[in-house]
1. Calculate how steeply helix 282-296 sits against the longest principal axis of the alpha-carbon atoms of the chain, using the helix alpha-carbon long axis, and give the answer as 0 to 90 degrees to the nearest 10.
2. If I model a spin label at residue 216 and residue 6 as a point 7 Å from the Cα along the Cα→Cβ vector, what separation in nanometres do I get?
3. So how tilted is helix 101-117 from the main axis of the chain? Cα-based, degrees 0 to 90, rounded to 10.
4. Quick one: compute a quarter of the convex hull surface over the Cα atoms of the chain and quote it in nm².
5. Treat the range 159-303 as a sphere of radius equal to its Kirkwood radius over Cα pairs and apply Stokes-Einstein at 10 °C in a medium of 1.306 mPa s; give the translational diffusion coefficient in µm²/s, rounded to a whole number.
6. For 39, 203, what ranking results if the residue with the fewest other Cβ atoms within 10 Å of its Cβ goes first?
7. Among DSSP beta bridges whose residues both lie in the range 32-160, state the antiparallel percentage, nearest 5.
8. Starting with the highest mean, order 267-273, 205-211 by the number of other Cβ atoms within 10 Å, averaged over the residues of each peptide.
C-alpha cells in the first residue's frame, strides 16, 4: 500500500520535476526522495520518472498515476482539516468582503459576532466593486461577500439569508422639477433617463436598477453608464439622469445637490451573504450563521 509520505513525494516531484526542490518542500533529503521514487517504481513495475543529469521528466505511467492520485490526496487533506475543525473549533483564516457602505455596516457587525464565537479564526476584510465581486469569489480572494442579493443570481453562487430589507428611493438632481414631489411612482422612470450600471454586472441586477420598461410597459430611457456608485450619484447631481437606491443611501450619502424621493410602488432592496457553491466550508457556514444572528438581534446594519 502507498504510504502518506510516499504520496507526498510523488505528487511534489510531479510538480517540481527537481529532486532538490522536492526534498526542500517535503522536508527530507534528496537521497530520501530518490529512494522513495525507486521504491514506488519497484512496486508499480515500471519507471515513473526519466532522470538525466540535466532534467527530470515524467513517464506516461508516472503522469497518469499522479493525475489519479492528486484528487485523492486533496480529499485526504480536506478530511484532516475537517477533523481539526471539529476537534478545535473554527480556526485558520476567513476572507470576507462587502459591496457598498450598507453592506460594510452589515459586515462589521457580522464579523464582530463571528469573532466572538470563533476567536481562533482570523478574519480578513476586503472591499469589492460591482464589476469584480463574483470574479474575486471565483478566484478565492474572498470566501463570502455581503451584497445586494441580486448579484448572487448566478449558477455557481449561493445566496444566503436576507440580513436587511430596505425601502427604495429615487435619487434625482436637487434642481430637477421632480425633486419637489414628496413621493414618486416607478412609472416616473419613463420620463427620466436612468443612469446605467456597469455592463458586466449580473443580468438580474442590471434589470432591477435599469429596467427596460415601467410596470405598465412604457420604455425607460437610458442615461450614461457609470463605472461606480460614486460616479452614479455624481451623474445624478449633474442632472444626467436618475437612479433607484436603497433608503440608507440618503443617510450615508447626504448631498445638497441630490434629492431622495420615496417610491410608492417599488419592491425593497435586500442585502445578504453570498459565496461559491464549491466553497461551502464550515467557516463560511458559521460566518453566515453569525451574520444572521447579528441581524436578527438588531446589532447588524443600519436602521
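1. Long axis of 282-296 versus the principal axis of the chain: about 20 degrees.
2. 7.9 nm
3. Long axis of 101-117 versus the principal axis of the chain: about 50 degrees.
4. Result: a mean projected hull area of 21.2 nm².
5. The estimated diffusion coefficient comes to 96 µm²/s.
6. Fewest to most other Cβ atoms nearby, the residues stand as 203, 39.
7. Antiparallel: roughly 25 percent of the beta bridges in the range 32-160.
8. Those peptides, ordered most packed to least, come out 267-273, 205-211.
Rule-based calculations on the coordinates, nothing more; no lab input. Keep in mind that what you see is a predicted model, and the values were worked out from it rather than measured. Please note: Cβ atoms are built from the backbone with ideal geometry, for glycine as well, and neighbour counts cover all protein chains shown.
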